[in-house]
Amino acid sequence: MHPACHLLRRLAAVRSIRRVTQNSKAAATLSFLGATGTVTGSRFLLEARETTLLVDCGMYQGLRSLRDRNWAPFPVDPQSIDAVVLTHAHLDHCGYLPALVRDGFRGPILATPQTAALAGIVMADSGHLQEEEARYANEKGFSKHRPARPLYTEEDAVRAAASFRHVPFGQRAEISSEVAVTLRPAGHILGSSTATLEIGPGPMRSLFASGDVGRPNHPILLPPAPPPEADVVLVESTYGNRVHEPAQDTEQRFADLITRTAARGGTVVIPSFAVDRTEVILLTIGRMVSEGRIPLLPIYADSPMALEVLRVYRREMASQDPEIRPEFRRSPDPFAYGSLHELRTPEESKQLNDMDYPSIIISASGMATGGRVLHHLRRCLPDSRCSVVLPGFQSAGTRGRLLADGARTIKLLGRYVPVHAEVMTADAFSGHADANEMIAWLRSMTKRPDTAFVIHGEPKAADALANRLRTDLDWHAAVPVHGERVRID
């Protein structure tokens, strides 16, 4: 888009905000405080007559200009927010909650029990990781800040986790006398949900927030529940301009890469999202081994957070969680095969540096933005025997995106390293519906909404999905800009 067009859109957003008078609570409004023009930082503020509600409260990742927003004061006073509805436990949706609570938010955080359990793990790990990265940067002296400091601490995350209120799937929960919410399965990760908000009194209005929508063929979870009728829709567009490669093709490329790397005597490093992606990859590798498609190699799951998440997945499988595909309910542990080694301590992780035999390392984070995987990448990227697999979306400005785009050198832990390792992208492992799957899912709505706002996507993806909503479904669709505020009454 031409820079002048971007400027006009920003001016239009500013005028829209100014048109809302000081008596704005006479009409319900929706403000887009994140996940516009990017897939991260999901934050959507609903203001009814007497209730202020935040849908998701995520961290920004990727480009420096976006990450800087994490450090800016929150756009509204956290004390003025009555409640948060959390759709799922990925960092770009829940990762700012510890800072929000630290800065004065005192209301409940409504989420499914599974999301509450996973978000507690994710937020605590994020706080701990930030403290460790600040300590390491200060010790090595490569931070621009003197001293480097964390956005929030593990203690802040523990306090935020204490604010969760469980809302089971399909149960209508009253937030106030004028706002209620119903959560339905989204099929993205364990516990993930869509959120339908009913807003009154007077003529009832409904707002449907998709959160992140899963795929119909997720290997562990059942497909997302059909979307209900709603007056206003918020729909994600992570893959709004793309269609995933068929799963069997991706699996074959993955199997071939593992076999090639093993023959070279190298290591396969997989920067993986700790929630759901690690489970899907372990399941896939186990099946390929059992089918004789790849050699039996030692697999190192090197992420305390991923192992805690794996424990939750195992528990929910054993307890017959209705989100789980029936074949995994009360079945033997599908992740328990002899070559899996679960590494929890830093000392165990460091021992991998001395490894000189073919192996697979799965370690967070999924976009190589931090965590133990950085140390494994620093060792393996310069080695042409090794390979790196990127099993999902890589946001602009992340190391994962640079590798996906063919970068020949990457900055890691304060120094540049050359990229000689083989790099493979594998979007078919993604837990996000692609463009065709999203349109098919939305087509099942029995009534056309008044407006659909396309969010949580990079500009080309959001624009592409908005155009398909107009042409394929005959919907009125708009792509909001950051900070924009609209009436939904």
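Take the conditions of a type in the set (Asp, Glu), within 29 Å of residue 113 (Cβ to Cβ) and either without any contact (Cβ under 8 Å) to a residue 60 or more places away in the chain or outside the structural domain of residue 334 (by TED's automatic domain parsing) (or both) and apply them to residue 279. Does it pass? Yes: the conditions hold for residue 279. State whether one or more residues within the stretch 225-246 are within 15 Å of residue 112 (Cβ to Cβ), out of contact with any helix residue (DSSP H, G or I) (no Cβ under 7 Å at 6 or more places or on another chain) and not aliphatic (A, V, I, L, M). Within the stretch 225-246, none of the residues are within 15 Å of residue 112 (Cβ to Cβ), out of contact with any helix residue (DSSP H, G or I) (no Cβ under 7 Å at 6 or more places or on another chain) and not aliphatic (A, V, I, L, M). The residue that is surrounded by the most Cβ atoms within 10 Å (Cβ to Cβ), counting only those in the stretch 214-266 that are assigned to a loop (DSSP other than H, G, I, E, B) and among the polar types (S, T, N, Q), is 237. Note on the stretch 401-434: among residues that are hydroxyl-bearing (Ser, Thr, Tyr) and surrounded by fewer than 17 Cβ atoms within 10 Å (Cβ to Cβ), the one that is nearest to residue 211 (Cα to Cα) is 409.
Looking at residue 84, is it of a type in the set (Val, Ile, Thr), surrounded by fewer than 17 Cβ atoms within 10 Å (Cβ to Cβ) and in the same structural domain as residue 202 (by TED's automatic domain parsing)? Spelling it out, it is not the case that residue 84 is of a type in the set (Val, Ile, Thr), surrounded by fewer than 17 Cβ atoms within 10 Å (Cβ to Cβ) and in the same structural domain as residue 202 (by TED's automatic domain parsing). The single residue among 465, 442 that is assigned to a helix (DSSP H, G or I), modelled with pLDDT of 95 or more and in contact with a strand residue (DSSP E or B) (Cβ under 6 Å, 6 or more places away or on another chain) turns out to be 465. Any chance the stretch 429-451 includes a residue that's among the polar types (S, T, N, Q) and without any contact (Cβ under 8 Å) to a residue 12 or more places away in the chain? The answer is no, given that none of the residues of the stretch 429-451 is among the polar types (S, T, N, Q) and without any contact (Cβ under 8 Å) to a residue 12 or more places away in the chain. Scanning the stretch 34-57 for residues that are in contact with a Cys (Cβ under 9 Å, 6 or more places away or on another chain) and surrounded by fewer than 24 Cβ atoms within 10 Å (Cβ to Cβ) yields a count of 0. Of all the listed residues (390, 310, 381, 377), the sole one being under 26 Å from residue 185 (Cβ atoms) and either buried (at least 21 other Cβ atoms within 10 Å of the Cβ) or out of contact with any strand residue (DSSP E or B) (no Cβ under 6 Å at 6 or more places or on another chain) (or both) is 310.
For residue 192, the conditions (1) at pLDDT below 90; (2) on the phi < 0 side of the Ramachandran plot; (3) not hydrophobic (A, V, I, L, M, F, W, C) are fulfilled apart from (1). Being small (Gly, Ala, Ser) and closer than 20 Å to residue 273 by Cα is true of residue 306. Of the set (1) touching an Asp or Glu at 6+ places or on another chain (Cβ under 9 Å); (2) outside any helix (DSSP H, G or I), all apply to residue 315 but (2). I'd like the full set of residues that are in a loop (DSSP other than H, G, I, E, B) and more than 24 Å from residue 278 (Cα to Cα), limited to the stretch 420-437. Of everything in the stretch 420-437, just one residue is in a loop (DSSP other than H, G, I, E, B) and more than 24 Å from residue 278 (Cα to Cα), namely 420.
Considering every residue within the stretch 265-277, establish whether at least one is touching an Asp or Glu at 6+ places or on another chain (Cβ under 9 Å) and at positive phi. Taking every residue of the stretch 265-277 in turn, at least one turns out to be touching an Asp or Glu at 6+ places or on another chain (Cβ under 9 Å) and at positive phi.
Considering only residues that are in a helix (DSSP H, G or I) and without any contact (Cβ under 8 Å) to a residue 40 or more places away in the chain, look in the stretch 291-312 and name the one that is farthest from residue 91 (Cα to Cα). Residue satisfying both the conditions and the ranking: 311.
The values are calculated or read from the model by the stated rules, or taken from the named source; none is laboratory data. What you see is a predicted model, and the numbers here were worked out from it, not measured in a lab. Note that each Cβ is placed from the backbone with ideal geometry, even for glycine, and that neighbours are counted across all protein chains shown.
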